[in-house]
Amino acid sequence: MHALPLVWAGIIALGVAIYVVMDGFDLGIGILFPFAKDHGHRDVMMNTVAPVWDGNETWLVMGGVGLFAAFPRAYAILLHALYIPLILMLVALIFRGISFEFRFKAHKSRVLWDIAFSAGSMLTALCQGITLGAVVQGISVIDGRYTGGSFDWLTPFSLFTGLSVVAGYALLGSSWLIMKTEEDLLDWCYRMARRSLLLLLIAIAVVSLWTPIMSPAIRERWFSIPNFYYLSQVPLATLLLAAGLWYSLKRRHTYPPFYCSVGLFMLAYLGLIISIWPYIVPRAVTFEQAAAPESSQVFELVGFLIVIPIILTYTVAGYYIFHGKVKAGEHYH
């Protein structure tokens, strides 16, 4: 593979990974919203992400723009195959963003905005998981064109991966809240984190069995010799990290639960890359085949190398300025 497509694949993979972690925990807060004790708890939960939530979504935009700029062929195929869940996801994100802002000003209608915030968060997470599952199960492509139907993405496997992402984001959200809350809300966050972890581990186990059964190519990638000896370290590391996360929750540690939750997501992400590499549209189009002309990649790479440090700088600054516990009655807005 030439260097430029590899560099772009790395940039997009990094952008997606950062987005999943950073927007994952604030989507997780919306998923946990209906289970919170009262409005006071919901106010604190929302205030923990109010200063940073919109910046988190910058990475989603960057990943989409990078895919369009560097791999236009893959962008066209994936958008054609997945436009329904992607449009639903964007609508849910807009709906969620509006409810986020309006809820702080509403009084009589606050319950409705709570429902809107939670529904938007759940639908966003579900659509992201469905999109992921649809990509893993494979997309029908002939001569570089999508040849499937509008609802090929809607399968039992993609629905299950959608629910798995909802459980995973709930874990990220609850472990984030452990770092940011105190007193009885903190006790509730530990309980929710343990329940979310159990659901996520069940989801990981089912997907790990379902995927190789569904795809001979993925089965060959993971279980052929000598691949098995090397790649088996990934599920082994997942088990060890899950055990560490459970232990840190039982001992009521503050920061390790979030770091371990992020680690579980990164191992699952690594497993996905191993399963589909070197394809950007699994089993149909490789990264190199989908790459834009070299001159275009170089021109766009210069822009990204200017923009990425700026995004990283204000992201780090935002988290540093608003670090620490959030107390009841404190408001960002």
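The values are calculated or read from the model by the stated rules, or taken from the named source; none is laboratory data. What you are looking at is a predicted structure, and each value in this text was computed from that prediction instead of being measured. A quick note on method: Cβ atoms are made from the backbone with ideal geometry, for glycine too, and the neighbour counts reach across all protein chains shown. Remember, those area values only see protein heavy atoms, side chains included, never the ligands or the DNA or RNA. Shrake-Rupley method; radii C 1.70, N 1.55, O 1.52, S 1.80 Å.
Key figures
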{"quantity": "Kyte-Doolittle at least 1.6, axis length at least 20 Å by Cα - qualifying DSSP helices, the chain", "calculated": "3-32, 256-276"}
{"quantity": "The chain: relative contact order in percent, alpha carbon pairs under 8 Å with at least 6 residues between", "calculated": "27"}
{"quantity": "Choice from Asn227, Asn56, Asn47 showing the highest fluctuation, given a GNM over the chain with Cα pairs closer than 10 Å", "calculated": "Asn227"}
{"quantity": "Computed helical MRE - 222 nm, the chain, DSSP H runs ≥ 4 contributing -39500 (n - 2.57), nearest 500", "calculated": "-26500 deg cm²/dmol"}
{"quantity": "Percent carbon-and-sulfur accessible area, the chain, ignoring ligands, DNA and RNA, probe 1.4 Å", "calculated": "72"}
{"quantity": "Förster radius 30 Å - calculated FRET efficiency between Leu240 and Tyr319 (Cβ-Cβ, nearest 0.05)", "calculated": "0.60"}
{"quantity": "Full-extension gain in nm, Asp184 to Leu199, via 0.36 nm per residue minus C-alpha separation", "calculated": "3.1 nm"}
{"quantity": "Extension gain from Val307 to Ser140, taking 0.36 nm per residue of separation minus the Cα-Cα distance", "calculated": "56.6 nm"}
{"quantity": "Cβ-derived FRET efficiency at R0 30 Å, Leu88 paired with Asp54, nearest 0.05", "calculated": "0.90"}
{"quantity": "Candidates Lys108, Lys180, Lys37: whichever shows maximal mean-square fluctuation once the chain is modelled as a Gaussian network with Cα springs under 10 Å", "calculated": "Lys108"}
{"quantity": "Whole-number percent relative contact order across the range 101-162, with pairs defined as alpha carbons under 8 Å at least 6 apart", "calculated": "37"}
{"quantity": "Relative contact order of the range 1-143, defined on C-alpha pairs under 8 angstrom at six or more residues apart (%)", "calculated": "30"}
{"quantity": "FRET efficiency, 1/(1 + (r/R0)^6) with R0 56 Å, evaluated for Lys105 and Ile274 via beta carbons", "calculated": "0.75"}
{"quantity": "Solvent-accessible area per residue for the chain (1.4 angstrom probe, square angstrom)", "calculated": "49"}
{"quantity": "Shape call, the chain: gyration tensor on alpha carbons, a/c limit 1.5", "calculated": "prolate"}
{"quantity": "Length added when fully stretched, Leu79-Tyr229, from 0.36 nm per residue minus Cα-Cα", "calculated": "50.4 nm"}
